[in-house]
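K.L.:
Can you keep this structure in mind? I'll have questions shortly.
The values are calculated or read from the model by the stated rules, or taken from the named source; none is laboratory data. Note that the coordinates shown come from a computational prediction; the quantities given were computed from them, not determined experimentally. Counting neighbours? That spans all protein chains shown, and the Cβs are built from the backbone with ideal geometry, glycine included.
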Amino acid sequence: MIAEKRAVSVIDGTPPTIRLSGHIDSSTSPAIGDAFRRLSAHPHGCIHVDAGGIRHIEQACVQALAEGVRAVEASGAAVKLVRASRELRMALRSVGLTGGYQGAYGMPYRSGLGWESRLDLPCEPRSVGVIRAQAAAMAARLPFTPTELDDVVLAVGEAAANAVRHGIRAGARGAIHVRCRADRTGFCVEITDPGDGFDPERIQRPKAGAWQEGGLGIYLMRRIMDAVSYTFDARGTTVRLIKRASSAAHAQ
């Protein structure tokens, strides 16, 4: 259902969409902000921004669009920019919105008897929220309990934070690669970062009141997921997390 027919329209559907059309001038900036706030008030895995109908957009509106995208990503959701011209993408880059976040959300697709999605994101802290939202959307396709869903999101967040931390520490400017899968067997995510490898068997249970960088996150992942494994190769470090579903579970 289209709520408004004007330069900025909000479509409450699947996925929820902000549609921009015609001449987008400075008087439209408040409407862009309102549209993002309206959709951000409800939990969404991904919000689409359809820019295919834009004939002209002023710089003030480019800034408003970039601010809306950042606000959504800060809340843990993601934004996919669709049908955007090369000029608009260049304008967004000029205000600091990097290409990695324009359409970065990997929409799930059918794979065998389940669903799969992939992401390629910059190795930087704000990628963690996008990865967490991706995992939440995929895991929600399985009949996990609310506690199990919380465990998945927590574990994936810890793994993503570690990937960013170690990738940055290695001085790498590459991407973080994420692959999620949900099927009858359960949920699986693989996160690859460009950082150096380590020996996961040397990570021990942290002592009460003590903090060991990276150790607490790995300990939590092992406690709340059914399987945690690591591989190290030319691409960097890959962590694989698995949360099994019951034998009666099936992907929706």
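K.L.:
Can you name every residue in the range 84-128 that is modelled with pLDDT under 70, among the hydrophobic types (A, V, I, L, M, F, W, C) and over 28 Å from Gln59 (Cα atoms)?
P.N.:
Passing the criteria: only Met107.
K.L.:
Looking at Ala71, is it surrounded by fewer than 16 Cβ atoms within 10 Å (Cβ to Cβ) and modelled with pLDDT of 70 or more?
P.N.:
Here the answer is yes, as Ala71 does meet what is asked.
K.L.:
Just to be sure before I move on: is Ala163 small (Gly, Ala, Ser), in contact with an Asp or Glu (Cβ under 9 Å, 6 or more places away or on another chain), at pLDDT 85 or above and in the same structural domain as Thr237 (by TED's automatic domain parsing) in the structure I sent?
P.N.:
In short, yes.
K.L.:
Let me ask you something else. Return the pair list, or none, for Cβ contacts closer than 9 Å from residues in the range 3-32 that are on the phi < 0 side of the Ramachandran plot and basic (Lys, Arg) to residues that are surrounded by fewer than 18 Cβ atoms within 10 Å (Cβ to Cβ) and at pLDDT below 85, at least 6 apart or on different chains.
P.N.:
From the range 3-32, the pairs are Arg19/Ile2.
K.L.:
Next question, about the same structure. Identify, by number, the condition in (1) part of a helix (DSSP H, G or I); (2) at pLDDT below 65 that Ala155 doesn't meet.
P.N.:
Of the numbered conditions (1) part of a helix (DSSP H, G or I); (2) at pLDDT below 65, the odd one out for Ala155 is (2).
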